[in-house]
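To start, the structure itself, in structure tokens.
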Amino acid sequence: MPHHPLTDSHGRRVDYLRLSVIDRCNLRCSYCMPAEGMRFAPRRELLTDDDILFVLQEAAALGFTRLRITGGEPLLRPGLAQLVARITTETPFDAPALTTNGLLLAEQAEALAAAGLSRVNVSIDSLRPDRYAVITRNGLIDKVWRGIEAATAAGLGPIHINTVLLEGFNEDEVEGWLALARSNPFTVRFLELMPVGEGAELTRHGRFANLSAMRDRLVATHQLVPCASDGFGPARTWQQPGATGSVGFITPLSHGYCDSCTRFRLTAVGELRACLADDRQVSVREAVLGRDRAALREGFVEAARTKIVGHAWNVDSVTRTGMSELGG
Ligand code: SAM
Ligand code: SF4
């Protein structure tokens, strides 16, 4: 049992940490980053492996039990496998998961699996190489599929695939994804476009696709049934009759899930975010660098106090900070 389980001011236990280990990326997905002009934290300002372990020890004491490593592109962080090995051996987080664009996965999957990584989510926004190149601004989709193969071979499967569906761009690919999930053990999770950073710009240009409506339609046309084991995340997963894999719908705008949100995010430079839809943050950077456990704990408690229920994204509120900084 944690010494001081962290509960927010709405009674939700906070127990899931999304840890960004770098804010840089080797892609420029158009709903996430501008094509040019991104400003990244100088590398010397990223929390070190020791800093991260210090935070995780405290997070565990506060009752956090689940950890996901993200970014920017986490596989760009030098020595990520060593960090994962230290996390799994030196902290109670013995099964961290990873969200990645997959471009560097073929090279790193084996080392990550050996280090104790448990699961991988790979983001792919189109099955079509030409569209993938457009949305990512020149990404090579073949490399990503090779990464997925390597991760599966290394024992990191079944792989979850995240795909942001955009109105008038790739929402017509949903049938293709369903076919993929019929014959492969993937969980394909359809994400609604969120008005975060560049995502707000695309929302203004009419790219938001309502995935609750899409889900209701697909439940009827494809006889989707809810999976018995639904995991903890916001993606309700569904299965087609006789399918090997499953599909999920992440619908923060059309069907919110704030009531069951148990997440915190920690940026790569040491800022705690209690909600993706709220630009407020609590810096624990000084507490971490000074190894001040009490101040770090106070930072977590303060962030929990500010955690909101219900966001205004549906009205006209946007999150100014970009998703690559927040970790998704
Ligand atoms: N680079 C890694 C990747 O792409 O998986 C990890 C970081 S990325 C910020 C995490 C997730 O956030 C990805 O699945 C991405 O598609 C999603 N994402 C980024 N911006 C988004 C937006 N505006 N709306 C919805 N999802 C978004
Ligand atoms: Fe990079 Fe991931 Fe953002 Fe795409 S979604 S630009 S891969 S951080």
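Values quoted throughout were computed directly from the atomic coordinates according to the rules given, and no laboratory measurement underlies them. These numbers come from a predicted model, not from an experiment. Virtual Cβ from ideal backbone geometry, glycine too; neighbours counted across all protein chains shown.
On C-alpha positions alone, give me the angle between the axis of helix 211-221 and the longest principal axis of the chain, in degrees, nearest 10.
With rounding to tens, the tilt is 40 degrees.
Return a whole-number percent for the relative contact order of the chain, with Cα pairs under 8 Å and 6 or more residues apart as the contact set.
22
In the chain, what percentage of the DSSP-assigned beta bridges are antiparallel, given to the nearest 5?
30
Suppose each label sits 7 Å from its Cα in the direction of the beta carbon; what would the residue 4-residue 315 distance come out to in nanometres?
Result: 3.3 nm between the two label points.
Please list the three semi-axes, largest first and in whole Å, of the ellipsoid equivalent to the chain, using sqrt of 5 times the eigenvalues of its alpha carbon gyration tensor.
They are 30, 22, 20 Å, listed from largest to smallest.
Applying a 10 Å radius around every beta-carbon, put 249-256, 98-105, 308-315 in order of their mean neighbour count, most first.
In decreasing order of mean packing, 249-256, 98-105, 308-315 become 98-105, 249-256, 308-315.
Using a cut-off of under 13 Å, list every residue of the stretch 254-269 whose amide N is near the label point 7 Å from the Cα of residue 95 along the Cα-to-beta-carbon line.
Once the point is set 7 Å along Cα→Cβ of residue 95, nothing inside the stretch 254-269 turns out to lie under 13 Å by backbone N.
Just to confirm the number: angle between the C-alpha axis of helix 80-90 and the first principal axis of the chain, 0 to 90 degrees, nearest 10?
60
Which cysteines in the chain lack any other cysteine whose Cβ sits under 4.7 Å from their own Cβ?
Those would be 25, 227, 258, 261, 275, since no other cysteine Cβ in the chain comes under 4.7 Å of theirs.
Taking the Cα centre of the chain as origin and charging only Cβ (+1 Lys, Arg; -1 Asp, Glu), how large is the dipole, in debye to the nearest 20?
The calculation lands at about 180 debye.
How far apart, in nanometres, would the label points at residue 167 and residue 306 be if each is projected 7 angstrom from Cα along the Cα-to-Cβ direction?
If labels sit at residue 167 and residue 306, their model points lie 3.2 nm apart.
Whole Å is fine, so just give me how far the alpha carbon centre of the stretch 219-296 lies from that of the stretch 85-144.
About 17 Å separates the Cα centre of the stretch 219-296 from the one of the stretch 85-144.
Per 0.36 nm of contour for each residue apart, how much would the distance between residue 201 and residue 134 grow if the chain were fully extended, relative to their Cα-Cα spacing?
Between residue 201 and residue 134, full extension yields 22.5 nm more.
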